[in-house]
Structure formats: C-alpha cells, structure tokens
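*Asks:* Have a look at this one.
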C-alpha cells in the first residue's frame, strides 16, 4: 500500500490517502484486485492521458486509485482526488456532475448502480462500476471513504452571489481556468479574460421565460484586472453575449437568447453590492 501523509484542510488532521481505502475483508464480498496506486503531477498522464490539464485547473496535487473485485467477478474502481483547497474539490465536483443528487459528503452525484461521486473537504471521490451493481455496494464503499476523510469544506463565497430566481438546479460550475467551461461556453480558447489560479469563476444556467441564459461571474484579484477582462470581453466578438459589466473586482456577463432587458436584470442582480 502506498502511504502519502498530508495535512488536510482546516481540520489540520493528518490523512494517509492509502488508509482511506477498504482492505480485504472490510466489505463482504469484495476484495482488492491490487495495491493502492498513487499519481501526482509528474505521472498523472499515466492515468488520464490527454486530460491532465483539466485536473491541473483545480489545483490537482495527487490521486489515489484502487480496483476491487467481487466474488461474482464484478469490478469496481475507486479514485480519491486531493486538490489544493475545498473550493477546488467543489469545482471538480461541479464540472463532473452527470447524474442525480444524493446525500453524501458535502454534495453527492450518482448514476444508480454504476457510479457514485462526492466532494468533502479538499477531496473529490469517484466510485465507478464496470457493470451494474446493487446500490448498496457503491454506498458501502462511499460511506467508508467519507468516514475516513476530514469532514467539512465550504462552497466558495462567490456562490452566494448567484440569484436564486430562475437558477437551473445543479447547473453551477466553479472554475479558475477557461478549460473548465469550454464545453458549455466558448470564449475563444485563448484566455481572453485573463483567467488563472488567482481568479474564481462561476457559470450557471437560468430559465428566463421560455429561454435559457448563462450567467458568468469572475472574481479577480483587483479592480484593474476586472476592468481589463470586461474590455477584452466586449471587444472579443463572443457569440451570444447580451450584457456585461464590472463592479470592483467582479466581472459579470450574460449569454444566451433571452431579451436584453431580462439579461440586464439578471446581471444587475448578480453584481450589485451586498
């Protein structure tokens, strides 16, 4: 087993990623198919060749993985991702949502019988079955791992700026870099807004009448950077841009097919002083 001691988040508790995995006999009917494998920024390409940048965008530090087999030959893969901060773990969770909400960790997401994922403190956990399994098996692993990880981890404060009226459930994506939202909003692929580790961003969908709008918020380190981002956005020829403005360190923009008046109201609600 690979042991990687690390100081975890606000709790200040030492955690070994190797220790969060179930050993032989810990969960009836399942046994490890091998040792825990650990991947860091140097060898992550061996695990996610071609996708590493998507994880680097969330302060990736390391990931531990282990495969399990059941007595009947079923296979289950467990991944525990360690990110730089709880906000990064939340972000990786939001960009990975693909199922239905479940109550585990801080937020959970599941495809019943096939996948169960959640974030907790600065960790993102994903459990995948190679074939459909009883939900109890997935939950058994998830609950054991959750109990072994530090509790807590707050959502980024920027989330509180999202207007609740019309917000599409589970549509929020938290990000630092453009790569994290490219599949939902194309900004040109050349970092037009000057995004990076020092910026916090949100992208969320809103139902406005019979149409859908996308609200983009970016918190910059300073007001000058926010103003520069606004100027670049307005001059960038980005399709679907309806309204954009900056207030202090905060840039906001609305995209979609709603009318400009509705877009303006949504934007004002999001970036007004609070």
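The numbers here are math on the coordinates, done by the rules we state, and not lab data. Given the structure is predicted, the values throughout are model-derived calculations rather than measurements. Because the Cβ atoms are built from the backbone with ideal geometry, glycine has one as well, and the counts that use them run over all protein chains shown.
*Asks:* Hey, what number do you get for the chain at 222 nm if only DSSP H runs of n ≥ 4 count, each worth -39500 (n - 2.57), divided across all residues, to the nearest 500?
*Replies:* Helix-only estimate at 222 nm: -6000 deg cm²/dmol.
*Asks:* A further question follows. Can you give the relative contact order of the chain as a percent, counting alpha carbon pairs under 8 Å and 6+ residues apart?
*Replies:* Relative contact order, the chain: 12 percent.
*Asks:* Here's a follow-up. Once you sort the root eigenvalues of the Cα gyration tensor of the stretch 157-271 as a ≥ b ≥ c, which label holds: rounded (a/c under 1.5), prolate (a/b larger than b/c) or oblate (the other case)?
*Replies:* In terms of gyration-tensor shape, rounded.
*Asks:* Determine how many Å³ per residue the convex hull of the Cα atoms of the chain encloses.
*Replies:* 137
*Asks:* I've got another one for you. Quantify how much of the Cα-Cα distance distribution of the stretch 38-88 extends past 14 Å, in percent.
*Replies:* Tail of P(r) above 14 Å: 55 percent of Cα pairs.
*Asks:* Follow-up question, since we're still on this one. Measure off 7 Å from each Cα along the Cα-to-Cβ vector at residue 247 and residue 47, then give the distance between these two points in nanometres to one decimal.
*Replies:* For the pair residue 247/residue 47, the computed spacing is 4.1 nm.
*Asks:* May I pose another question? Tell me the label-point distance for the pair residue 182, residue 71, using the 7 Å Cα-to-Cβ offset, in nm and rounded to one decimal.
*Replies:* 4.8
*Asks:* Take residue 168, project a point 7 Å from its Cα along the Cβ direction, then tell me which residues of the stretch 99-118 have their backbone nitrogen under 17 Å from it.
*Replies:* What the label zone holds, given the 17 Å backbone N cut-off, is 99-101.
*Asks:* Could you work out how far apart the two model spin labels at residue 19 and residue 114 are, taking each label as a point 7 Å from the Cα in the direction of the beta carbon, and quote it in nm?
*Replies:* The modelled label-to-label distance comes out at 3.6 nm.
*Asks:* If a/c stays under 1.5 just call it rounded; otherwise compare a/b with b/c (prolate if a/b is bigger, oblate if not). Do that for the stretch 5-148, with a ≥ b ≥ c from the square roots of the Cα gyration tensor eigenvalues.
*Replies:* rounded
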